[in-house]
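Asks: Pasting a structure below so you can have a look.
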Amino acid sequence: MFLGEIYWAAQHLRQGGVVAFPTETVYGLGADAFNPMAVARVFEVKGRPHFDPLIVHIEHVDQLARLTSRVPPLALLLAERFWPGPLTLVLPRAERVPDLVTAGLPTVAVRLPDHPIALRLIRETGSPIAAPSANLFGQVSPVTAEHVRDQLGRLVDVVLDGGACRVGVESTILSLVTRQPTLLRPGGVPLEEIEKLIGPVLRPTPGAGAPNRPLAPGCLPSHYAPRTRLWLREPPGASPVQGRVGLLTLQQNLVRDQGFAVVEELSPSASLREAAANLYSALRKLDKLGLDAILADLVPEHGLGRAINDRLRRASAHL
Ligand code: TXA
Ligand code: MG
């Protein structure tokens with residue numbers, strides 16, 4: 001990656017363009033957070049049927065002051081420990097943040113990504129960047145530049161290629177506007193590490209709130225779905241297989257041959273970190289094979305396993 005490409009991308013952003021860029025979690029589809037017209041283009045390109053608030057990406061903690069009306073001490077503690085990194089904080093918004101970014105909510109979601117290209121891009125743009133994951137609505141998030149080009153092609157002005165994303169699942173979203181810190185989406189920072197620092201975090205049970213008003217509005221059940229029907233295999237090893245079925249599982253040696261057309265292994269060493277990094281590529285790979293169905297095994301529900309299971313459950317919710 002040449003610096004020149006980043007300058008060029010930043011110039012597009014300053015002029016109201018949209019740019020796909022790598023972060024440590026997944027690729028983002030960015031626009032200048034203070035340019036509502038540019039942000040509107042992000043929704044247009046993604047084909048989102050409704051406006052869902054976006055995460056605003058900053059390159060320095062000082063930029064919180066432009067985005068928020070108040071920074072709770074807990075936010076600074078979390079920022080100090082986990083930024084740059086895959087943690088998004090939901091904070092009281094500043095008036096000047098465009099409504100399209102926050103979907104009219106009194107809050108704004110902010111994170112400082114741990115990726116040199118993302119950080120440099122924000123700095124050169126001179127403005128925070130509002131960015132959802134760079135996928136079409138409801139589809140699997142991209143973890144390589146090629147995934148972005150496959151889905152969005154010429155709809156975006158620039159795709160910055162930073163190779164494969166290290167973490168592979170989206171950021172953990174934590175709300176600090178609720179009476180007690182609340183987990184809105186499990187992600188790249190394990191909940192256990194957050195609780196070690198700040199104590200108990202509320203975790204709404206899946207499906208909490210009205211179905212049409214989820215806590216993180218974009219966390220609809222059917223998000224992250226491949227086109228091929230995906231079912232959870234509960235308990236692992238249970239379901240008989242009919243037709244051409246692919247299996248997505250943590251570790252292949254735990255699987256007896258049960259007639260699967262293909263088995264996609266997330267981590268030979270059963271590392272949840274490696275599994276998270278491989279999750280979306282594995283889903284894409286299976287989705288391209290024209291299978292009758294994909295079966296997926298849940299992984300242990302701790303650390304990054306929470307984020308993996310969350311995405312698998314959503315992918316299996318056929319709305
Ligand atoms: O890792 C990530 O977070 C990636 C990279 C690109 O940073 N971004 C990402 O963005 O996953 P997106 O738009 O796919 O998911 C953002 C989620 C949505 O579910 C949205 O509803 C929620 O964050 N969100 C954004 N602002 C919010 C707010 N003010 N209150 C509650 N939830 C919010
Ligand atoms: Mg997304």
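Asks: Taking springs between alpha-carbon atoms closer than 10 angstrom, which of Pro106, Pro128, Pro186 fluctuates most in the Gaussian network model of the chain?
Replies: Result: Pro106 has the largest fluctuation of those listed.
Asks: While we're here: Note down the relative contact order for the chain as a percent, whole number, built from C-alpha pairs under 8 angstrom at least six residues apart. Kindly include the intermediate steps, with their values, before the conclusion.
Replies: Values: 696 pairs, mean separation 61.2, N = 319.
Over the chain, the number comes to 19 percent.
Asks: Another question about this same structure. Based only on the alpha carbon positions, what is the Kirkwood hydrodynamic radius of the chain, in angstrom?
Replies: On the way: mean 1/r = 0.0503 Å⁻¹.
One over the average 1/r among Cα pairs gives 19.9 Å for the chain.
Asks: Hey, with R₀ at 35 Å, roughly what FRET efficiency would Arg70 and Ala164 work out to, going by the Cβ-Cβ distance, to 0.05?
Replies: Details: r = 38 Å, r/R0 = 1.07.
Efficiency for this residue pair is about 0.40.
Asks: Going by how many other beta carbons lie within 10 Å of each one, how would you line up His318, His147, fewest first?
Replies: Working: His318 10, His147 23.
So the residues, fewest neighbours to most, are His318, His147.
Asks: Among the lysines, which fall within straight-line cross-link reach of Lys46, defined as a Cα-Cα distance under 30 Å, with same-chain neighbours fewer than 8 residues apart omitted?
Replies: Counting by Cα, and skipping residues close in sequence, Lys46 has these lysines nearby: Lys285, Lys288.
Asks: Tell me, how many Å apart are the Cα centres for region 131-158 and for region 47-80?
Replies: If we compute the Cα centre of each part, the gap is 23 Å.
Asks: Along its three principal axes, how long is region 230-315 when you only count alpha carbons? Whole Å, largest extent first please.
Replies: Projected onto its principal axes, the Cα set of region 230-315 covers 34, 24, 22 Å.
Asks: Another question about this same structure. Before rounding to the nearest 500, sum -39500 (n - 2.57) across all DSSP H runs of length at least 4 in the chain and divide by the residue total; then give [θ] at 222 nm in deg cm²/dmol.
Replies: On the way: 10 runs with 94 residues, N = 319.
Rounded to the nearest 500, it is -8500 deg cm²/dmol.
Each reported figure results from applying straightforward, stated rules to the coordinates on display, with no laboratory input. Just so we're clear, the structure is a prediction, and the values are computed from it rather than from any experiment. Note: ideal-geometry Cβ built from the backbone for every residue, glycine included; neighbour counts use all protein chains shown.
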